[in-house]
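Below is one structure, written out as structure tokens, with a few remarks after it.
Readers should treat all values here as calculations from the given coordinates under stated rules, not as data from a laboratory. Remember, it's a predicted structure, so these values are computed and weren't measured experimentally. As a convention, Cβ positions derive from the backbone with ideal geometry for all residues, glycine included, and neighbour counts pool all protein chains shown.
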Amino acid sequence: MTVFQAIADLPTAQAHPRDQRGRALHDLRISVMDRCNFRCPYCMPEATYGEHFSFLRNDERLGFDEIERLCRLAAELGVSKLRLTGGEPLLRPHLVELVARLRRIDGIDDLAMTTNGVLLARHATELRDAGLDRITISLDTLDPALFHRMSGNRGALHEVLDGIEAAQQANFPHGIKLNTVVQRGVNEHTVTELVERFRGSGIVLRFIEYMDVGNRNHWSAEAVVPSRELIERIDARWPLEALPAQYAGEVATRFRFRDGAGEIGVISSVSAPFCGGCTRARLSSEGTLYTCLFATQGTDLRGLLREGASDDMLRETLRNTWLHRTDRYSEERAEQRQHARRKIEMHYIGG
Ligand code: SAM
Ligand code: SF4
Ligand code: SF4
């Protein structure tokens with residue numbers, strides 16, 4: 001039996017599939033570029049991703065037609081939110097064209113991007129004009145020397161700050177967030193400076209617990225600063241109040257400043273896993289679909305696309321991949337039940 005026949009024979013009961021734990025498919029993250037202009041040690045350490053590392057060739061990455069087609073089919077299965085990521089998405093040539101094409105897909109009501117911000121100053125307005133709804137910019141510290149070190153000696157803080165300013169001027173309809181990965185003994189002491197700088201600006205800071213993504217960042221639990229500790233620290237200076245979740249499965253826990261200067265969020269994937277509400281799938285740069293950030297294997301969609309699979313076959317493959325999903329890696333980590341496994345690297349699967 002060919003793979004096409006096998007897929008065609010699978011049941012097509014639910015229009016919007018739910019996985020083995022009852023979770024719907026709502027979000028698709030697309031790594032449009034496996035390369036990056038940074039070498040953040042927690043993601044793409046220089047020791048591994050040096051000049052001899054071999055990234056994908058252009059023809060190995062999904063093309064825009066392929067990405068658009070998969071996103072359209074995913075939208076038919078219930079995906080309403082797309083996020084472009086990487087690697088560094090702004091390194092992908094003509095990305096604005098992809099944004100415009102994804103914007104036109106029926107059912108997509110939130111089109112977002114995560115970027116390190118270095119190239120943002122020159123692209124912010126055209127991205128907004130093409131229909132990008134929101135932007136998340138990664139910023140780990142406001143200390144220029146530490147920033148440079150945390151980017152693997154590649155990035156200059158002022159370029160990212162220029163990018164943030166350009167994003168503010170572009171006025172993205174669903175706003176701007178900043179992602180800060182907090183590491184014990186590395187940048188935890190600069191967190192309050194970030195809060196001071198951005199509270200009241202309309203930009204939402206989100207502090208992310210350092211995670212054991214991939215196999216190469218030498219993660220250890222001691223390097224994680226639990227969100228609770230950060231919130232206590234921030235609350236002592238600027239009193240906070242917890243906010244209710246805006247929708248089921250919201251990843252960030254939100255707090256508002258009691259003085260009205262906006263809100264912040266924490267993403268506590270290590271200390272308080274949220275697998276039970278996880279509605280995300282990830283599409284790698286070379287077209288493999290993963291159902292967990294910590295996946296060890298995925299479903300090859302590029303092969304199907306390039307062998308001439310019909311929309312029905314592709315849609316059923318997406319549906320069945322989701323129907324069979326059982327992932328709950330972060331909960332297993334918390335239960336100390338997951339064993340060493342070879343995970344897909346983050347720049348490739350899309351953070
Ligand atoms: N290059 C873009 C950027 O840095 O924003 C997009 C891709 S990056 C993989 C997406 C997000 O993942 C970034 O906000 C980054 O800080 C976060 N990230 C990377 N490695 C991480 C880790 N080990 N733990 C937690 N977050 C991580
Ligand atoms: Fe690049 Fe983003 Fe990973 Fe840093 S976190 S190395 S900027 S992909
Ligand atoms: Fe979702 Fe996997 Fe993260 Fe759990 S560990 S929240 S299933 S991506």
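Maximal additional length on extending the ASP110-GLN20 stretch stands at 29.8 nm, based on 0.36 nm per residue less the C-alpha distance. Packing order of peptides 223-232, 252-261, highest average first: 223-232, 252-261 (average count of other Cβ atoms within 10 Å over each peptide's residues).
Extending 7 Å from Cα along the Cβ direction at THR48 and again at ARG258 yields two label points whose distance is 4.4 nm.
Taking Cβ atoms as reference points and 14 Å as the exclusive limit, the residues near TYR247 contribute a net charge of 0, counting Lys and Arg as +1 and Asp and Glu as -1. Residue-normalised convex hull volume from the C-alpha trace of the chain: 138 Å³ per residue. Which angle between 0 and 90 degrees, to the nearest 10, do you get for helix 157-170 versus the longest principal axis of the chain when only C-alpha atoms count? The angle comes out at about 70 degrees. What do you get for the angle between helix 227-237 and the principal long axis of the chain? Use alpha-carbon atoms, 0 to 90 degrees, nearest ten. It works out to around 30 degrees. You can think of it this way: the chain between GLU97 and ARG197 has 32.6 nm of extra reach, that is 0.36 nm per residue less the Cα-Cα gap.
With r as the distance between the Cβ atoms of ARG154 and PHE55 and R0 = 22 Å, compute the FRET efficiency 1/(1 + (r/R0)^6) and round to 0.05. Kindly include the intermediate steps, with their values, before the conclusion.
Values: r = 15 Å, r/R0 = 0.69.
The formula returns an efficiency of 0.90 here.
Rounded to the nearest 500, the 222 nm mean residue ellipticity of the chain from helices alone is -8000 deg cm²/dmol, with -39,500 (n - 2.57) taken per DSSP H run of at least 4 residues.
Counting only DSSP beta bridges with both residues in the chain, the antiparallel share comes to about 30 percent.
Axis of helix 311-323 versus longest Cα principal axis of the chain: the two differ by about 60°, to the nearest ten degrees.
Grab the Cα-Cα distance for HIS189 and THR326, subtract it from 0.36 nm times how many residues apart they are, and report the gain in nm with one decimal. Walk me through the numbers before you get to the answer.
On the way: separation 137, 0.36 × 137 = 49.32 nm, distance 3.78 nm.
Extra length available between HIS189 and THR326 comes to 45.5 nm.
What's the FRET efficiency of SER310 with ALA236 using the Cβ-Cβ distance as r and R₀ = 56 Å, to the nearest 0.05? The partial results should precede the final answer.
On the way: r = 59 Å, r/R0 = 1.06.
Efficiency computed from Cβ-Cβ geometry: 0.40.
Here the 3J(HN,Hα) profile of region 93-109, calculated from phi with Karplus coefficients 6.51, -1.76 and 1.60 at θ = phi - 60°, is x, 6, 4, 4, 4, 5, 4, 4, 6, 5, 4, 7, 6, 4, x, 8, 10 Hz, Gly and Pro shown as x.
If we count every other residue with Cβ under 13 angstrom of GLN169's Cβ, Lys/Arg +1 and Asp/Glu -1, where does the sum land? Intermediate values should be presented prior to the final figure.
Numbers: positive: ARG122, ARG128; negative: GLU126, ASP129, ASP162, GLU165.
Neighbour charge sum, excluding GLN169 itself: -2.
For ARG83, nonlocal amide neighbours, meaning residues 5 or more places apart or on other chains whose placed amide H falls under 5 Å from its own, are LEU28, ARG29, ILE30, ALA112.
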